[in-house]
1. Could you give the length gained by full extension between residue 14 and residue 67, i.e. 0.36 nm per residue of separation minus their alpha carbon distance, to one decimal place?
2. Leaving out same-chain residues fewer than 8 places away, which aspartates and glutamates sit with a Cα under 18 Å from that of residue 293?
3. Past the 30 Å Cα-Cα mark, which pairs from 177/367; 81/209; 178/209; 29/177; 149/194; 17/199?
4. So, with a 1.4 angstrom probe, what is the percent of accessible area on the chain that is carbon and sulfur?
5. Which values, in whole Å and largest first, are the semi-axes of the equivalent ellipsoid of the range 312-351 obtained as the square root of 5 times each eigenvalue of the Cα gyration tensor?
6. Rounded to the nearest 500, what is the chain's calculated 222 nm mean residue ellipticity when only DSSP H runs of at least 4 contribute -39500 (n - 2.57) each, over all residues?
7. Given +1 on the Cβ of Lys and Arg, -1 on the Cβ of Asp and Glu, and no further charges, what dipole in debye does the range 1-121 carry about its Cα centre, rounded to the nearest 20?
8. Can you grab the distance from the C-alpha centre of the range 17-60 to the C-alpha centre of the range 320-373, Å, no decimals?
Amino acid sequence: TIRSLNSEESIKGYWGKDNLWIEMIKETKPDLVFISTNWDNHAPMAIKSMELGSHAFVEVPLANTIEDLWGIVNTSEKTRKHCMMLENVNYGREELMFLNICRKGLIGDLIHGEASYIHDLRAQMFQKDETSFDGYPGTGSWRTRQYAKNIGNLYPTHGLGPVAQYMSLARKEDSFKKIVSLSSPSKGRYLMAKKYFDKNHEWNNLEFKNGDINTSIIQTTYGKTIMIQWDETSPRPYTRLNLIQGTNGILAGGPTRAAFEKGFDGYTKDSKEWITGEGIDALYEKYDHPLYKRLNKITKESGHGGMDGIMVYRIIECLRNGDPLDQNVYEGCAWSSLIELTSNSVKNDGEPQKFPDFTRGNWTTTKPFDIIS
């Protein structure tokens, strides 16, 4: 539905057929399109939106296959339209502060990161038969099927995006080289289906072949390593890990922790103990990212603790000012490529998989993301 900027009154609705969004774009000619559909629709909708003259901003992941990711890159370059993956976690307060600390060189040379998306989403299995939006089935109606359809890390970018940005991967300082991946046995979805659903229910007639937890190791062009995990099935608390190790210290998330070789402002003496409690409050006070300081008051009521608002604000700000977006299409494609790469590695007993270079070598001259004030 298209609505007036100054009113809640509907101007025109596009509803009832799968491809009416194409008609909407042709008729309204929007400057940009936000795509928040199921994963399989991300790539075709992004490509078509750019072909019709709109910038495309796409929920994570950008696409499920490397072929589709190349299609996005080629279309963006051909049409000269932006295509940015909406990795909102990069705009979280913790992630922005860590980026600021890394850019200041306070933990030295970066050598290792740890990233994850560990989130118990078994409850989504109940959403198949429920409705969650204007009569449409809930997320579980399509997301649960992905555990039977694919193997590997199905949702890598929330954890990887910030760590990759700390390291300036796919930019001048370094890039992705190869990945190895292994998965645990698949148990949790099968047990959930057997316990809570009728034996004739779809969930009891699917083969949940993806392992409950996938663990992968990335090596960068210049030898840095990243451990990345995905698990949406196990009974455990939520975490993205968000760890970055440098030669002079370490930063880690969930909860926010830090350790510096020379200690921090009287709260710690050295790197043998974590800064916690009041020390973390002081760390935020000292190193909060200038972007967070500028925008938090006006975006804090937006989704996910304010990170969504900062992200959308920056998109509009960059487009209005003619500035490069904070996350370019090549980064979104590199982060999303783990879906197919981890699958191929798992299928081949952990065999290393080489990352495609979506920049075609241009990462060597692409400036790292600056600290935006």
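1. On the way: separation 53, 0.36 × 53 = 19.08 nm, distance 2.99 nm.
Contour length minus Cα-Cα distance gives 16.1 nm.
2. Residue 293 reaches 94, 95, 281, 285, 301, 308, 317, 326, 370.
3. Working: 177/367 19 Å; 81/209 38 Å; 178/209 24 Å; 29/177 39 Å; 149/194 19 Å; 17/199 33 Å.
In this structure, 81/209; 29/177; 17/199 exceed 30 Å between Cα atoms.
4. Numbers: 8770 of 18120 Å².
Percent of accessible area from carbon and sulfur atoms in the chain: 48.
5. Working: eigenvalues 245, 11, 5 Å².
That gives 35, 7, 5 Å for the three semi-axes.
6. Details: 12 runs with 129 residues, N = 373.
It comes out at -10500 deg cm²/dmol, rounded to the nearest 500.
7. Working: 12 positive and 18 negative charges, 109 e Å.
Charge dipole of the range 1-121: 520 debye, to the nearest 20.
8. One Cα centre to the other: 22 Å.
The values are calculated or read from the model by the stated rules, or taken from the named source; none is laboratory data. Only a predicted model underlies this, so the values are computations on that prediction, with no experimental measurement involved. Ideal geometry is used to build each Cβ from the backbone, glycine not excepted, and the neighbour counts take in all protein chains shown. In case anyone asks, the SASA skips ligands and DNA or RNA and just uses the protein heavy atoms, side chains included. Shrake-Rupley method; radii C 1.70, N 1.55, O 1.52, S 1.80 Å.
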